[in-house]
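Structure record follows, encoded as structure tokens.
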């Protein structure tokens, strides 16, 4: 593991077995993605609120999801649930293009501003219903969903390219982080990465000012 990584990421790498490239991509000023009142907590293992009932995932979850999706070496990723923009920023350092969808308009706009301030430009952002994906730019090499759905939205599997991976928390009271693989013939297989706890994926049109 690179000695250049900050202590919190070196410690994370000792507890979560992921590709070192993922940890390097996570070496971002996480405090820039949360409200200033949570600045001192930005480098802890906790998930943190970002408003609108949404959260920034804890670093171990970001690491696990990113590592899982990078197994197919994607060039393009569809992210459902932009949130603070932190996961978008991590993915932007690993793939050619990130397409990210957020339902809550003020969160969507705040994330774009944060990403631009960090000089991250290899993404496109949409404010809309994440359950519908983003058909205009499909198919995607990989899809990541950062909120829990009772079942996988069909549009997301349809927009996944053959050979691609979809990572999504599935369940209501009990959630599992699931990885869905689409083979060259379009057949879907799945496996679980274990239990997780995410805010719910809410379908519907964009909301907020």
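The values are calculated or read from the model by the stated rules, or taken from the named source; none is laboratory data. Bear in mind the structure is a predicted one, so any value in this text is a computation, not a measurement. Cβ sites come from the backbone with ideal geometry, for glycine too, and all protein chains shown count toward neighbours.
Among the numbered conditions (1) modelled with pLDDT of 95 or more; (2) crowded, with 18+ Cβ neighbours inside 10 Å; (3) closer than 21 Å to residue 205 by Cβ, the only one that residue 110 does not meet is (1).
Working carefully through the options 67, 27, find the one that is at pLDDT 90 or above, surrounded by fewer than 23 Cβ atoms within 10 Å (Cβ to Cβ) and not in a helix (DSSP H, G or I).
Details: 67 fails: not in a helix (DSSP H, G or I).
After applying the criteria, what remains is 27.
Screening the range 169-209 for residues that are within 11 Å of residue 149 (Cβ to Cβ) and without any contact (Cβ under 8 Å) to a residue 60 or more places away in the chain and picking the one that is surrounded by the most Cβ atoms within 10 Å (Cβ to Cβ) gives 169. Working carefully through the options 139, 162, 153, find the one that is under 20 Å from residue 76 (Cα atoms) and buried (at least 18 other Cβ atoms within 10 Å of the Cβ). Only one candidate qualifies: 153.
Here is a yes/no grid of residues against (1) more than 19 Å from residue 60 (Cβ to Cβ); (2) in a strand (DSSP E or B); (3) over 17 Å from the mean Cα position of the chain (by Cα):
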residue: 142; (1), (2), (3): yes, yes, no
residue: 151; (1), (2), (3): yes, no, yes
residue: 167; (1), (2), (3): no, yes, no
residue: 178; (1), (2), (3): no, yes, no
residue: 195; (1), (2), (3): no, yes, no
